[in-house]
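Have a look at the structure below, then the notes.
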Amino acid sequence: MTKFNLFHSSQGKTLTNSSASSVQEKTEKTAAHHHTKRRASSRRSSYDSAIQGNGVVLAKNERYDAAHHDHAHHSRPASINAPFEDGVVMESGIRGYLVVFGGFLIILAAIGYVSIYGIFQSQYTDIYAAKGASASSVSFVGSLAVGFQFGFTIISGPVMNRFGYKVVLWSGTIVGSLGLLLASWATELWHLYLTQGVMFGIGVSLLNLAATAIPPLWYAKNRSLAMGICFCGAGVGGLVLGFIIPALINAVGIYWTLRIFAIFHFVCTAFASLVMRAPRQLSGPPIDIRKDTINLQILKDPGFMLWFISAALFGFAYVVPFTYVPSYAKDVVGLDPNVQGGQLLSIMSAANAVGRVMIGIAADRIGAIRVATFTFVAAGASCFIWMFSHSYGALVGFAIVHGFFSGGFFTLVASITANIVGLTHLGSGLTIIFLTNTPGNLFTLPIAGKIVDSVGGYKAMVGYNAAMYLGTGLLLCILMFYNHYTKRVDAI
């Protein structure tokens, strides 16, 4: 009897322990389930704010339902899942590389035009000088293109938010290519204003916004490097086109060159429009269209205002050397603007391509604002080499140094803006920064042309260019110390 009681007591303890263990196991499973739900909810919330803040609209076939998240997350290889923000898992891998390549092609064909516009400028000056046009009036063709590239962002931003980035990409492809094609039949200077200026500028604005807004969504750790690879397309485009465009002009003339360039532009940007898209969301409900395109509240941030003014000054600086180096080579050094002038632009563009990638790598390791400050000061200092260049060799030295440092803005604009205002306001920040670039890009070439024609010649014009770069660097230096003083270490 005693044995039975002992056995019964032992069995009771065993059953009790088993029940307790079962209850504990259920409790742990329930807690784990709730923890998983909280993590999924956090991912959805972070993803919503990040994507909506960038103004990117995902098509229905680019969304994963929340119910399929667990299967999608666990069935996909780990190599194509990359962290985005606060644990959100974003699609990456080969699709991310294709997006960067698409951005590279857009920048090559669209922004690369800015690098070689000096060749067109020299041709148009010769053609329309006989009709009484001044150098500043001819340079307004390039100013309109670059001005609309940034100024039309106030329209292209809402268009992307309302209709999606695919509409923006294809619209930019068609409008930009058509502008170049119609320019080939221009007989008056105002024809070029409307076609190669306004139409092409609108096309570039649409394409540039997508190429700037989409790639950062795919990368977190190497975001500046990804943008550097995209925007080195401008340097590569200038390098390639700097040799091809003069050869085409000599072979078939300026107007057939424009037609060939229009076809080249269409092929590059059409391919990019096919492959570029936002990353698929691996969890969360469908993303709603964001209505508030520009959040003006970020203008109350003193740090953003310093970045705002810096970007405005940079707008007066960048395009001047790429436009006036061929003319300087002809008028001051006595070189052929189509041969040696084109070679100088190609050298500057090659250095620009290398510099944009290296600047991106440095920014990911040192800090975007630190690197940008140094590059602007270096670009401004290099203008003094240009000011005292009286030989082809000296101009080559200037082209290498200036080309390497002058493209930092385009590589770092998304990273600096995101560091200051956060990813949730990146779309608004980029729109405002591009808008503030507009006055400088619109008026700097006529100002430079007026300085050359009637004020102080090329030396005064180069001094004006150096002052714009150095002023930009000074303001960024102030921004860097302001962020350090306010303990915003992530925005340095």
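The values are calculated or read from the model by the stated rules, or taken from the named source; none is laboratory data. Computed from a prediction, not measured in an experiment: that's the story for all the values here. As a convention, Cβ positions derive from the backbone with ideal geometry for all residues, glycine included, and neighbour counts pool all protein chains shown.
Structural remarks
- Set LEU248, LEU239: member being in contact (Cβ under 8 Å) with a residue 60 or more places away in the chain and on the phi < 0 side of the Ramachandran plot: LEU239
- Residue list for segment 393-427, filter: under 22 Å from ASN295 (Cβ atoms) and of a type in the set (Ser, Thr, Tyr): SER415, THR417, THR424
- Residues that are more than 21 Å from the chain's Cα centre (by Cα) and of a type in the set (A, V, I, L, M) within segment 379-419 comprise ALA381, ILE385, MET387, ALA394, LEU395, VAL396, ALA399, ILE400, VAL401, listed in sequence order.
- Under the condition of being free of Cβ contacts under 8 Å to residues at least 60 places away in the same chain and either outside any helix (DSSP H, G or I) or acidic (Asp, Glu) (or both), the residues counted in segment 151-178 number 1.
Results for (1) over 27 Å from CYS230 (Cβ atoms); (2) of a type in the set (Phe, Trp, Tyr); (3) modelled with pLDDT of 85 or more; (4) surrounded by fewer than 22 Cβ atoms within 10 Å (Cβ to Cβ), shown as yes or no for each residue.
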{"residue": "VAL401", "(1), (2), (3), (4)": "no, no, yes, yes"}
{"residue": "HIS425", "(1), (2), (3), (4)": "no, no, no, no"}
{"residue": "GLY429", "(1), (2), (3), (4)": "no, no, no, no"}
{"residue": "THR438", "(1), (2), (3), (4)": "no, no, no, yes"}
{"residue": "SER454", "(1), (2), (3), (4)": "yes, no, no, yes"}
{"residue": "ALA466", "(1), (2), (3), (4)": "yes, no, yes, yes"}
{"residue": "TYR469", "(1), (2), (3), (4)": "no, yes, yes, no"}
{"residue": "THR472", "(1), (2), (3), (4)": "no, no, yes, no"}
{"residue": "ALA491", "(1), (2), (3), (4)": "no, no, no, no"}
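- Test result for VAL413, farther than 29 Å from TYR165 by Cα, in contact (Cβ under 8 Å) with a residue 40 or more places away in the chain, of a type in the set (Val, Ile, Thr) and in a helix (DSSP H, G or I): no
- Of all the numbered requirements in (1) under 17 Å from ALA210 (Cβ atoms); (2) of a type in the set (Val, Ile, Thr); (3) modelled with pLDDT under 80, VAL88 misses one, and that requirement is (1).
- Every listed requirement among (1) over 18 Å from ILE260 (Cα atoms); (2) not in a helix (DSSP H, G or I) is met by ALA186 save one, (1).
- Test: residue in segment 317-340 that is under 28 Å from ASN222 (Cα atoms), among the hydroxyl-bearing types (Ser, Thr, Tyr) and in a helix (DSSP H, G or I): no
- Pair list, Cβ under 9 Å, 6 or more apart: segment 257-270 residue farther than 17 Å from GLN123 by Cα, other residue modelled with pLDDT under 95 and not in a helix (DSSP H, G or I): ALA262/SER184
- In a residue-by-residue description of segment 351-366, the property of being under 17 Å from ALA317 (Cα atoms) and among the hydrophobic types (A, V, I, L, M, F, W, C) applies to no position.
- Qualifying residue in segment 219-229 (condition: hydrophobic (A, V, I, L, M, F, W, C), over 28 Å from ASP364 (Cα atoms) and assigned to a helix (DSSP H, G or I)): no
Yes/no per residue for (1) among the β-branched types (Val, Ile, Thr); (2) at pLDDT 85 or above; (3) surrounded by fewer than 19 Cβ atoms within 10 Å (Cβ to Cβ); (4) more than 21 Å from ALA210 (Cβ to Cβ):
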{"site": "HIS265", "(1), (2), (3), (4)": "no, yes, no, no"}
{"site": "MET276", "(1), (2), (3), (4)": "no, yes, no, no"}
{"site": "PRO279", "(1), (2), (3), (4)": "no, no, no, no"}
{"site": "PRO285", "(1), (2), (3), (4)": "no, no, yes, yes"}
{"site": "GLY303", "(1), (2), (3), (4)": "no, yes, no, yes"}
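- Failed condition for THR375, given (1) at pLDDT below 90; (2) crowded, with 17+ Cβ neighbours inside 10 Å; (3) in a helix (DSSP H, G or I); (4) not aromatic (Phe, Trp, Tyr): (1)
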